[in-house]
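Everything below concerns the one structure shown next.
The values are calculated or read from the model by the stated rules, or taken from the named source; none is laboratory data. Every value quoted in this text rests on a predicted model; they were computed, and no experiment measured them. Counting neighbours? That spans all protein chains shown, and the Cβs are built from the backbone with ideal geometry, glycine included. Ligands, DNA and RNA are excluded from the accessible area calculation, which covers all protein heavy atoms including side chains. Shrake-Rupley method; radii C 1.70, N 1.55, O 1.52, S 1.80 Å.
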Amino acid sequence: MSSFEISGPKKLEGEIEVKGAKNMALKAIAASILSDEPMIISNIPRIEDVNRLIEIIEDLGAVATWETDSRLKIESQGISKPKLNEKLVPTLRSSIVLIGPLLARFNEVSLPHPGGCSIGKRPIDVFIDGLTSLGVKYYCKNDSYFFKKPGRLEGNRFRFPKPSVTGTETMMMAAVLAEGATALINCACEPEIPALAEYLNSQGAKIKGAGTHTITIEGVESISAGECKIIPDRIETGSFAIMGVATNSRIGITNCNPLQCELPLTMLKDMGADISWGKDWIEIRPVKKKLHAINISTKEYPGFPTDLQAPMTVLLSQAEGNSSVFETIFEDRFMYIDSIKKMGADITMENPQKITIKGAHELHGKEVESPDLRAGIAMVIAGLIAQGETRIGNIYQIDRGYENLQARLNQLNADIDRHE
Ligand code: EPZ
């Protein structure tokens, strides 16, 4: 089990470049299945979730080749048996996005339940209801799911009971090769969705409305594959901005798209941070006064992202005054609270969806764990501002979504050792 050893408190200094978005890269890999041509994915991050999804599609018969450190070629024509590997799938919840393209291309797929991760049981009812609305038959046996549709999927109208990011992407990809038109209602609007749609349309798909709550897709016989460029990771961007403010540092964040992270950045400014941004850069400067507390409620995009909830909680533990954090998306995303409290934060769990934070309380280095990847980066931020040594266990969770984090932060003058 790998761990990080972080010496704090440390001010950061310098520039950090944002990598490609994990939550687009995984869907681009799934999209490679829609075409029988070789696909190139550029600006793709080298992270564990990408490695896991590559293993899963290679197990199906696809061939993935790293042409450079951030450029991946995928040839999916070798896929024959769309039976997702029951050992690999539970290692990656988001492998569920494969079922849309596999059904669109091969008319059948079977998979074990894609497992939760530690933020909740993560049901797949939306996927089942959506795909059956396209004419797919399914049955469940010994906790595995079998989907089948002889012939092409049939376009239809489907309303999501509530916005689901991967549900929207899975249905959008399934509909690309369906017979006739599909209308998806109450879709998620996260920026990775229009970015995926833009790529698919550049290869011959006919998708309208991606990025809004209603997406319509005109089915086509086939699409080409070409090249897909992954957009900058807005959650990495927000994580580094919160890190810069929490350590009261002077840092630059480059190769990012601040507008896709505008609400968190504006909130940092409202708290009193000295932060400015332009088209593809953010600058953070130290301030003399303590930040003041604000209340956070996570929401679907463009609201405050649930993936920045944990890093923000660490920052709020250092702000003057009391604040509350209301997690409305996932039912179990405060697993990290005990670790932050162990380090000295004054946090009360009002109920499973809401915490109140009394700032500002100094943090002290402790031995802690990272239950999920976003809590993991929150623990790194806590370690950078705490007095003394912090050891974070289970950093595979961090490696899932942040490429080469230790080296990149040490470039910024952090003091992080990695122990295997
Ligand atoms: C995506 O997860 C992201 N993952 C998550 O990022 C992100 O936190 C989440 O969207 C919300 O923005 C990827 O894109 C790979 P949802 P997703 O379906 O699509 C419930 C990270 O750290 N739901 O929008 O799985 C679900 O339980 C990860 O990068 C059902 O009830 O999230 C949740 O409460 C974490 N039934 C809510 O909907 C279903 O069939 C929103 O989930 C599917 C989801």
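Here the stretch 275-420 is described by how far its Cα atoms reach on the three principal axes: 36, 36, 31 Å, from widest to narrowest.
How large is Rg over Rh for the stretch 358-398, taking Rg from the Cα atoms and Rh as the Kirkwood inverse mean of 1/r across Cα pairs?
Dividing the radius of gyration by the Kirkwood radius yields 0.99.
Of the two radii for the stretch 269-352, the radius of gyration is 0.98 times the Kirkwood radius, both from the alpha carbons; that is the Rg over Rh value. Over 28 Å between C-alpha atoms is what I'm after, so list which of 22/358; 22/342; 87/354; 87/137 land there. The answer is 22/358; 22/342; 87/354. Note on the chain: helix-only mean residue ellipticity at 222 nm, from DSSP H runs of 4+ residues weighted -39500 (n - 2.57) and normalised by residue number, equals -8000 deg cm²/dmol. With N the number of residues in the stretch 60-108, Rg(Cα) / (2.2 N^0.38 Å) evaluates to 1.25. Magnitude of the charge dipole for the chain, about its Cα centre and with charges confined to Cβ atoms of Lys, Arg (+1) and Asp, Glu (-1), is about 660 debye. Given R0 = 22 Å, the distance between the Cβ atoms of residue 295 and residue 262 translates into a calculated FRET efficiency of 0.75. In the complete set of protein chains, residue-level accessible area for residue 418 is approximately 80 Å², probe 1.4 angstrom. A dipole drawn for the stretch 79-214 from +1 and -1 charges on Cβ atoms has a positive end, and of 112, 171, 130 the residue lying farthest that way is 112. One equal scatterer on each Cα of the stretch 194-343, no solvent, Debye formula: the resulting log10 I(q)/I(0) at q = 0.09, 0.11 Å⁻¹ is -0.38, -0.53. If the reach is capped at under 15 angstrom between alpha carbons, list the aspartates and glutamates near residue 73, excluding any in the same chain fewer than eight residues apart. The reachable aspartates and glutamates, counting only those whose Cα sits under 15 Å from residue 73, are 36, 37, 55, 58, 227. The packing ranking, built from the mean of other Cβ atoms within 10 Å per residue, places the peptides 135-146, 337-348, 315-326 in the order 315-326, 337-348, 135-146, highest first.
Per residue, the chain exposes 38 Å² of solvent-accessible protein surface, assessed with a 1.4 angstrom probe and all protein chains in place.
By accessible area, using a 1.4 Å probe on protein heavy atoms only, the stretch 272-364 has 52% of its surface on carbon and sulfur.
Net charge near residue 227: determine it from the other residues with C-beta under 13 Å of the C-beta of residue 227, scoring Lys and Arg +1 and Asp and Glu -1.
0
Take every Cα pair under 8 Å whose residues are at least 6 apart in sequence, average their separation, divide by the length of the stretch 130-207, and the relative contact order is 27 percent.
Principal-axis analysis of the Cα atoms of the chain puts helix 48-60 at an angle of about 20° to the longest axis. Note on the stretch 1-95: semi-axes of the ellipsoid equivalent to its C-alpha gyration tensor, largest first and rounded to whole Å, are 31, 17, 10. Around the amide H of residue 297, modelled in the peptide plane, lie the amide H atoms of 326, all under 5 Å away and 5 or more residues distant in sequence or on another chain.
Of 10/341; 162/341; 269/299; 11/290, which sit over 22 Å apart, Cα to Cα? As for pairs spanning more than 22 Å Cα to Cα, those are 162/341. From the alpha carbon centroid of the stretch 151-208 to that of the stretch 271-291 is 37 Å. Where does the chain land on Rg/Rh, using Cα atoms and the Kirkwood Rh? Taking Rh as the inverse mean 1/r over Cα pairs, Rg/Rh reads 0.98. Couplings for the stretch 167-178, taken from phi via the Karplus curve 6.51 cos²θ - 1.76 cosθ + 1.60 with θ = phi - 60°, read x, 4, 5, 5, 5, 4, 5, 4, 6, 4, 9, 6 Hz in order; Gly and Pro are left as x.
With Cβ to Cβ distances under 9 Å as the rule, what net charge do the other residues near residue 134 carry (K, R +1; D, E -1)?
0
Helix 192-202 and the longest principal axis of the Cα set of the chain meet at an angle near 40°.
At a Cα cut-off below 23 Å, give the lysines reachable from residue 206, other chains included and same-chain residues fewer than 8 away excluded. Here the lysines satisfying the reach criterion relative to residue 206 are 27, 149, 229.
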